[in-house]
């Protein structure tokens, strides 16, 4: 039973690692592709890129331990940061 739960956490963590990497890469691409006159958008994309770095590092460090509580905390924090990109007008 415990092995199955661990596999589910590992699978969830690997998916989170994938999507955090994708979103961070997209934030970097958006930042780098903006016209220099779009200062506000550049700062926003750069801020998102920088905020995702510690989340990615944390997700990558958790894969080798039994971090059920920490994975849950990371899963709860990630959408708030990523959601800011989606909720911009």
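If I stretch the segment between residue 46 and residue 73 completely, what's the gain in nm (0.36 nm per residue apart, minus their alpha carbon distance), one decimal?
Residue separation times 0.36 nm, minus the Cα-Cα distance, leaves 7.3 nm.
Among 16-24, 35-43, how do they line up by average Cβ neighbours within 10 Å per residue, starting with the highest?
The peptides rank, most packed first, as 16-24, 35-43.
Quick note: the coordinates plus some simple rules give every number you see, no bench work behind them. The model shown is predicted, which means the values in this text are computed figures rather than measured ones. Note that each Cβ is placed from the backbone with ideal geometry, even for glycine, and that neighbours are counted across all protein chains shown.
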